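What follows is a set of notes on a single structure, which appears directly below.
The values are calculated or read from the model by the stated rules, or taken from the named source; none is laboratory data. Fair warning: this is a prediction, and the values are worked out from it, not measured in the lab. Using ideal geometry, Cβ is built from the backbone for each residue, glycine included, and neighbour counts are taken over all protein chains shown. Just the protein is used for accessible areas: all its heavy atoms, side chains included, with ligands, DNA and RNA removed. Shrake-Rupley method; radii C 1.70, N 1.55, O 1.52, S 1.80 Å.
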Amino acid sequence: MTSSLNPQFNQGTRSDEAQKGHKPYRGRFAPSPTGPLHLGSLATALGSWLDARAHDGAWLVRIEDVDTPRTVPGADQLILNQLRVCGLEWDEAPVWQSQRTTHYQNALEQLITIDRIYGCQCSRKQIEEVLQKEGGLIKPNQELIYPGTCRERKVPIQNHALRIRFPHECQISFTDRDLGKQTQDVNTQVGDFVLRRADGLFTYQLAVVVDDHLQGITHIVRGEDLLSNTSRQIYLQQCLGYQTPSYLHLPLVTNDAGKKLSKQTKATAVDIAHPESIRASLNSAANHLGLQNDPIRGSISQWLNRKVQEWRERPSYNYFLVPPKSAPSTGFF
Ligand code: GLU
């Protein structure tokens, strides 16, 4: 279950970066309240907390409950409680995305003004049919690469899904602090994606980009399952004139069948009712992040301090922040 971060991207030290005048570190953990934390989400929380503390940075918690039908009542408080009991204290009051829709609406209007959005009336079934005609094999629940059917149809934006329009040629690259350079051709690998659903709900992709910007997040540390979302989020940041944070995607915890721990794979919640199980879960989460096996015998806070030191000594720092760029505009707009 262990995995170590790649030393190849050791491009700076804290003092180097302070001298270069980079913004103070602000990180975050952004759970979707679809259930309590399991070992996988605890490892992500721990990794992002350690990274923030190792950089003397601020660590925020944001509850990503923008997809209200998937939200499980009470899961937010359970998660906050699990974090607290595990000693992962946050520095600013947590925020809930469901209370921030005005910000998402403002960003959407900015994108409408610069003509990067179009209405789409395709159902999932219709999209699947087009993709199948083009020879694609579709698996159930697979994310579909939108074939652009409504791009030129001038579908009204009221009461329809709204999609971002990618330029014809659009490759996005970034350097993950562990995984190195990543490049995605967003047209062929992602397709114009939805920012507001037909039922009026804003999507994760829009909300995460707007909130990371408004909360001044400089470093995103999250699970590797989100790696393929990063390019489209960088594209959105570019369209909106936001700075791109630094990214570190952490290895996922998998079950015996090699599947990511999740609600779907029936991952068990981190048990906070018993001190021994809290300690065992924290030590397993740390092992998973490549830290030494170090069963907690004294206080959790002393153990966490040791882990911060261990994280700080590992050669995985890379502080660079990409200055805002405008989105590529190759003749499409
Ligand atoms: N809310 C997302 C999740 O729980 C994480 C978003 C992110 O870290 O960017 O998977």
If we sort 104-111, 268-275, 281-288 on the protection proxy, mean other Cβ atoms within 10 Å, highest first, what's the order? 281-288, 104-111, 268-275
What does the charge dipole of the stretch 60-184 about its Cα centre add up to, to the nearest 20 debye, if the Cβ of each Lys and Arg holds +1 and the Cβ of each Asp and Glu holds -1? 500 debye
Starting from the amide H of I63, placed 1.01 Å from N in the peptide plane, find each other amide H under 5 Å away whose residue is 5 or more places distant or on another chain. V95, W96, Q97
Cα centre as origin, Lys/Arg/Asp/Glu Cβ charges: the chain dipole, Debye: 220 debye
Taking a threshold of 32 Å on the Cα-Cα distance, which of the pairs K181/K259; K23/K139; K139/K181; K154/K181; K125/K259; K125/K181 fall above it? K23/K139; K154/K181; K125/K181
Could you tell me which of L252, H168, I63 has its Cα farthest along the dipole of the chain towards the positive end, charges placed at Cβ (Lys, Arg +1; Asp, Glu -1), taken about the Cα centre? H168
Looking only at the chain, where both bridge partners belong to it, what percent of the DSSP beta bridges are antiparallel (to the nearest 5)? 55 percent
Over the chain, give the accessible area per residue in Å² for a 1.4 Å probe, as an integer. 47 Å²
Given H placed 1.01 Å from N in the peptide plane, which residues other than close sequence neighbours of G223 have an amide H under 5 Å from its amide H? L250
Please give every one of the aspartates and glutamates within straight-line cross-link reach of K260, meaning a C-alpha to C-alpha distance under 18 Å, and leave out same-chain neighbours fewer than 8 residues apart. E143, E224, D225
Scattering profile of the stretch 177-221 from the Debye formula, Cα beads only, expressed as log10 I(q)/I(0) at q = 0.21, 0.25, 0.31 Å⁻¹, is -0.96, -1.02, -1.01
The chain: Cys lacking any partner C-beta under 4.7 angstrom: C86, C122, C170, C239
Using θ = phi - 60° and the Karplus curve 6.51 cos²θ - 1.76 cosθ + 1.60, what whole-Hz ³J(HN,Hα) does each residue of the stretch 287-294 get, with Gly and Pro shown as x? 4, 4, 7, x, 8, 4, 6, 8
Which ³J(HN,Hα) values in Hz, rounded to whole numbers, follow from the phi angles of the stretch 255-264 under the Karplus curve 6.51 cos²θ - 1.76 cosθ + 1.60, where θ = phi - 60° and Gly and Pro get x? 8, 4, 8, x, 9, 4, 5, 6, 4, 5
Taking the Cα centre of the stretch 134-292 as origin, sum charge times position over the Cβ atoms of Lys and Arg (+1) and Asp and Glu (-1), and report the length of that vector in debye to the nearest 20. 360 debye
Carbon-plus-sulfur fraction of the accessible area of the chain, 1.4 Å probe, in percent? 50 percent
Under the Karplus relation with 6.51, -1.76 and 1.60 and θ = phi - 60°, whole-Hz ³J(HN,Hα) for the stretch 228-233, x at Gly and Pro, equal 6, 8, 5, 4, 5, 5
Taking amide H atoms as placed 1.01 Å from N in the peptide plane, list the residues 5 or more away in sequence, or in a different chain, whose amide H sits under 5 Å from that of R177. Y247, L248, H249
Please report, in cubic angstrom per residue, the volume enclosed by the convex hull of the alpha-carbon atoms of the chain. 143 Å³
Can you tell which of L111, H38, Q121 lies farthest toward the positive end of the dipole of the chain, using +1 and -1 charges on the Cβ of basic and acidic side chains (Lys, Arg; Asp, Glu)? Q121
